[in-house]
Amino acid sequence: MPATVILGAQWGDEGKGKAIDQLSANSTWAVRFQGGNNAGHTVVYGDTTLKLHQIPSGVSALHCSMILGDGMVIDPWVLEEELDRWHKISGERPEGKRLFISERASIILPFHKLYDSADKVVGTTGRGIGPAYRDRIERVGIRFGDIVNIVDDVDYLRNNAERMNRQLNSVGVDSEIEWEKLQKDLRWILERYGDSIKSTGLMIDFALKNGENVLLEGAQGAMLDIDQGTYPFVTSSVTCRANATHGAGIHPGHVEECFGITKAYTTRVGNGPFPSELSLEEGAGMHMAKIGNEFGTTTGRPRRTGWLDIVALKESNRLNGYTGLVLTKLDVLGGLDEIKICIGYEMEGKLLQIMPTTSKELAKCDPIYETHKGFEAMTESEWIEMANESRNNNIGFGALNEDMLNYVRRIEKLAGIPIVSIGVGPDRDASIASVGGPFDISNNKEMF
Ligand code: IMP
């Protein structure tokens, strides 16, 4: 059976968690393949809503095993907090039983967070992500599988601590890493996670050969990809499809479906160009922020808001070849008189249909919009009622009113990707799936 990839199609925070949650009903493995605790997703378990950063969204599907994959950078202390929170609400301790950490994943150490605190350009989440990947690329970082070999090597630890201190010094961070503390930290990590540290690529490969379904869940979004995003205002990993299998330790031939998740508008946290950005102080931009509760899950920072950008979405599709698009937060646009879609850019008198490569040029782009009629605001329960009507009568998007449907169909046409599911509220039931599509649960009552 195949692997399925789920990716953020914009600048992150698209609402991947719910889509993953829905698909995990039919999967036995949920795998994170890049990033670290810069990501944040919300998982619903019973009546409780849980914010997670590194544990895959599949955690609430108790039949699912979880992998923190090769391509990740992992903060073991944050992971411990997440596992404790999960234990508190579920009574379960999945580590070593159905949650495994790759031997190849890099460890985020206190040094990396200190180093990240010096960032003044990108507006990082400050979680030490970039510095941990930097150490990996420089081939001086420590991976989970390395600990046993180095934890008693005093020369190695001394040299490593000295290197860290030189680097902290060079960016003006006034803190010191002691090799004894480094050793103590590594001992604790080994003790705490020893049973969970595995050759996870082999496990996933075996599961696929055994006929199981594997979900590869992306963090961040395509426009934050280190190679293909709005560099340098990007994260430090390859967030796109090409890395989903590589970062999990399997080959790309396993993937049959790749779903892109996009909001019905756009948000971005941190710095960097955003052509369709609106003001957070007034009008539609303020409406999106307020109604959509647009604050970062990880840092609590207000997200910047703007209209849906088709140029960026097409770029994202070029990189990922989406087999379906999940449109989230359509409900948030309710109550706006008109809704715009950015269909191109104007840069210094030139019309562009594709994103320029550099952020400097992208910052000079003005959006070209087409305007659509808005639709009325509805309450959360009215949206759920609409979603139930769609499910119960098996009418898919036929439950939407004409103005909503026109907007959805126009996005499909402009982006050239079929929309397979539409999110209309935070509730698990507040989704409308296309009839017969991968999110159509009419024949799968176990899904909710
Ligand atoms: P870093 O990943 O912490 O290095 O941050 C680099 C850039 O990516 C910053 O603009 C962050 O705000 C952004 N970023 C990182 N993770 C996420 C995410 O999960 N959602 C949205 N933006 C993110």
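The values are calculated or read from the model by the stated rules, or taken from the named source; none is laboratory data. Keep in mind that what you see is a predicted model, and the values were worked out from it rather than measured. Virtual Cβ from ideal backbone geometry, glycine too; neighbours counted across all protein chains shown. Heavy atoms of the whole protein, side chains included, go into the accessibility calculation; ligands, DNA and RNA do not. Shrake-Rupley method; radii C 1.70, N 1.55, O 1.52, S 1.80 Å.
Quick notes on this structure:
Yes/no per residue for (1) within 26 Å of Asp155 (Cα to Cα); (2) in contact with a helix residue (DSSP H, G or I) (Cβ under 7 Å, 6 or more places away or on another chain); (3) small (Gly, Ala, Ser):
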site	(1), (2), (3)
Trp179	yes, yes, no
Trp188	yes, no, no
Tyr193	yes, yes, no
Ser199	no, no, yes
Met203	no, no, no
Ser237	no, yes, yes
His254	no, yes, no
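- Complete set of residues in the stretch 191-217 that are part of a strand (DSSP E or B) and open to solvent by less than 10 Å² (accessible area, probe 1.4 Å): Val214, Leu215, Leu216, Glu217
- Enumerated strands (runs of 3 or more DSSP E) restricted to the stretch 288-397, each holding at least 3 residues that are under 23 Å from Ala433 (Cβ atoms): 324-328
- Selection within the stretch 268-282 - over 19 Å from Ile343 (Cα atoms) and out of contact with any Leu (no Cβ under 9 Å at 6 or more places or on another chain): Val269, Asn271, Ser279, Leu280, Glu281, Glu282
- Sole residue being away from the ligand (no atom under 16 Å from the Cβ), basic (Lys, Arg) and closer than 20 Å to Ile417 by Cβ, chosen from Arg192, Arg241: Arg241
- When Ala19, Ala9, Ala61 are checked against the criterion of being open to solvent by 10 Å² or more (accessible area, probe 1.4 Å) and hydrophobic (A, V, I, L, M, F, W, C), Ala61 stands alone in meeting it.
- Looking across Ala30, Ala39, one residue alone is crowded, with 24+ Cβ neighbours inside 10 Å and modelled with pLDDT of 95 or more. It is Ala30.
- Hits in the stretch 139-167 (condition: farther than 21 Å from Ile74 by Cβ and of a type in the set (A, V, I, L, M)): Val154
- Among the candidates Glu80, Glu103, Glu95, residue that is surrounded by fewer than 24 Cβ atoms within 10 Å (Cβ to Cβ), touching a residue at least 12 places away in the same chain (Cβ under 8 Å) and in contact with a Gly (Cβ under 6 Å, 6 or more places away or on another chain): Glu103
- Test result for Tyr133, in the same structural domain as Glu178 (by TED's automatic domain parsing) and within 15 Å of the ligand (Cβ to nearest atom): yes
Residue by residue, here is whether (1) free of Cβ contacts under 8 Å to residues at least 40 places away in the same chain; (2) of a type outside the set (Gly, Ala, Ser) holds:
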| site | (1), (2) |
| --- | --- |
| Pro232 | no, yes |
| Gly272 | no, no |
| Glu277 | yes, yes |
| Gly285 | yes, no |
| Thr299 | no, yes |
| Ile310 | no, yes |
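- Residue count for the stretch 34-49 satisfying the condition of being more than 16 Å from the ligand (Cβ to nearest atom) and either within 14 Å of Asp13 (Cα to Cα) or among the hydrophobic types (A, V, I, L, M, F, W, C) (or both): 1.
- Pair list, Cβ < 8 Å and 6+ apart or interchain, from the stretch 10-27 residues that are hydroxyl-bearing (Ser, Thr, Tyr) to residues that are open to solvent by 10 Å² or more (accessible area, probe 1.4 Å) and more than 9 Å from the ligand (Cβ to nearest atom): Ser24/Ser60; Ser24/Ala61; Ser27/Thr4; Ser27/Ala61; Ser27/Glu212; Ser27/Asn213
- Residue in the stretch 317-325 that is farther than 26 Å from Leu23 by Cβ, modelled with pLDDT of 95 or more and open to solvent by less than 40 Å² (accessible area, probe 1.4 Å) present: no
- Test: residue in the stretch 157-170 that is within 14 Å of the ligand (Cβ to nearest atom), open to solvent by less than 90 Å² (accessible area, probe 1.4 Å) and not charged (D, E, K, R): no
- Leading residue by the ranking (nearest to Arg127 (Cα to Cα)) among those in the stretch 276-295 that are open to solvent by 10 Å² or more (accessible area, probe 1.4 Å) and within 16 Å of the ligand (Cβ to nearest atom): Phe295
- Lys209 vs. criteria modelled with pLDDT of 95 or more, more than 16 Å from the ligand (Cβ to nearest atom) and outside the structural domain of Ile55 (by TED's automatic domain parsing): no
- Checking the stated criteria, Gln228 turns out to be surrounded by fewer than 24 Cβ atoms within 10 Å (Cβ to Cβ), touching a Cys at 6+ places or on another chain (Cβ under 9 Å) and at pLDDT 95 or above.
- Among the residues here, Arg85 does not qualify as touching a residue at least 12 places away in the same chain (Cβ under 8 Å) and within 15 Å of the ligand (Cβ to nearest atom).
- The residue that is nearest to the chain's Cα centre (by Cα), counting only those in the stretch 109-128 that are open to solvent by less than 10 Å² (accessible area, probe 1.4 Å) and within 11 Å of the ligand (Cβ to nearest atom), is Gly128.
- The listed residues are Ser359, Ser381, and the only one of them that is open to solvent by 50 Å² or more (accessible area, probe 1.4 Å) and either touching a Pro at 6+ places or on another chain (Cβ under 7 Å) or without any contact (Cβ under 8 Å) to a residue 40 or more places away in the chain (or both) turns out to be Ser381.
- If the condition is being among the hydrophobic types (A, V, I, L, M, F, W, C) and within 26 Å of the chain's Cα centre (by Cα), then the stretch 405-416 contributes Val408, Ile411, Leu414, Ala415.
- Any hit, the stretch 247-264, residues being of a type in the set (Val, Ile, Thr), outside any strand (DSSP E or B), assigned by TED's automatic domain parsing to the domain that holds Ile291 and open to solvent by 10 Å² or more (accessible area, probe 1.4 Å): yes
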